[in-house]
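Report on the structure given below.
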Amino acid sequence: MNKINRIIDYCSCILFSISLIVLFGCLAVLPIAKSKRFYMKEHQKNNVEDILETKSFNGIQHYCTNVAGEYVLHTLPKYDVTQTDIENATNHIIDYLYHEEVESMQFQIETTEGSIDFFSEQAIIHMADVKVLFIGGIKMTFTFLAIFLLSLGWIIYRNNHITKLLGKTYFICVGIFIALTILVMIYALHDFDEAFVLFHKIIFPNSDKVDLALSFNNCDTLTNILTGDFFMHIGLYIGILFISLLIISVLIDYIFYKFGNKIISLWKKTDKKKEKCEFE
């Protein structure tokens, strides 16, 4: 029985450590990816309004990919882009990614040539692929939360029998994740374009989806709103927040690793004293 308990201890410590780290990752990604305030600050910093007017709404024909995977001519008339347009585009992107029931992020703007779609057909197809990953990531968060709670339940049950093992396991797992995160950040800072391509190849195993994601014309409204600088800044923010959360958790883990048994014993003694006082 002791041997079985020890095996469960090891498994619980590993699952607890990995699930907690993944949850920290979700905590670093999901709120900022939904922050309209962050998006609008980035849009202002990256001069998105000017970029849209000079590159997208300039009356020049350019090619984009349609549903059939064919290159078709796409023309946006000359148009004075407003902050309201950018805000609407941002709201539609966020609502579409975060809400499964929202079927499209497309919306229309009124120009001198009438009402036109703001996003290209290629942008709509690509973001549909992104949404699948996004919704899957949100569902994955709840799966890892369940794993975390189950492993935590076993750890609480085993209390002082598992404290040292948990501390050591968590140290190792966090060290691996911090090292990997720093390497990714260094790689992205060294050559962001190459890192961006590699990232898409990892998240989209289907080569057609990768080609679609990387073949946007520089006139496309989606890539002129969500610029390369935008992704670099949000990536750095997520990386720094993720590492910060891990460092804080390691400090807490170190306290429990060194003094966990004493804390638990002290807590038990306090409980017993309370029970004794209540009995008297």
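The values are calculated or read from the model by the stated rules, or taken from the named source; none is laboratory data. Model, not experiment: these values are computed from the prediction. As a convention, Cβ positions derive from the backbone with ideal geometry for all residues, glycine included, and neighbour counts pool all protein chains shown.
All but one of (1) under 20 Å from the mean Cα position of the chain (by Cα); (2) within 20 Å of GLY239 (Cα to Cα) hold for PHE171, so report the exception by its number.
All conditions pass for PHE171, except number (1).
Cβ-Cβ distance below 7 Å, separation of 6 or more or different chains: which pairs start in the range 73-86 with a residue that is part of a loop (DSSP other than H, G, I, E, B) and of a type outside the set (Gly, Ala, Ser) and end on one that is modelled with pLDDT under 90 and loosely packed, with under 12 Cβ neighbours inside 10 Å?
PRO77/GLY59; PRO77/THR112; LYS78/GLY59
For the list (1) part of a strand (DSSP E or B); (2) under 17 Å from THR54 (Cα atoms), I need the number of the one condition that SER115 fails.
(2)
Name the helices (runs of 4 or more DSSP H) wholly within the range 174-258 that hold at least 3 residues that are within 25 Å of LEU20 (Cβ to Cβ)? Spell out how you get there, then give the answer.
On the way: elements: 192-203, 207-214, 221-225.
Once the helices (runs of 4 or more DSSP H) in the range 174-258 are filtered for at least 3 residues that are within 25 Å of LEU20 (Cβ to Cβ), what remains is 192-203.
Name the residue that is nearest to LEU27 (Cα to Cα), counting only residues in the range 122-167 that are aromatic (Phe, Trp, Tyr) and surrounded by 15 or more Cβ atoms within 10 Å (Cβ to Cβ).
Restricting to residues being aromatic (Phe, Trp, Tyr) and surrounded by 15 or more Cβ atoms within 10 Å (Cβ to Cβ), the top hit is PHE144.
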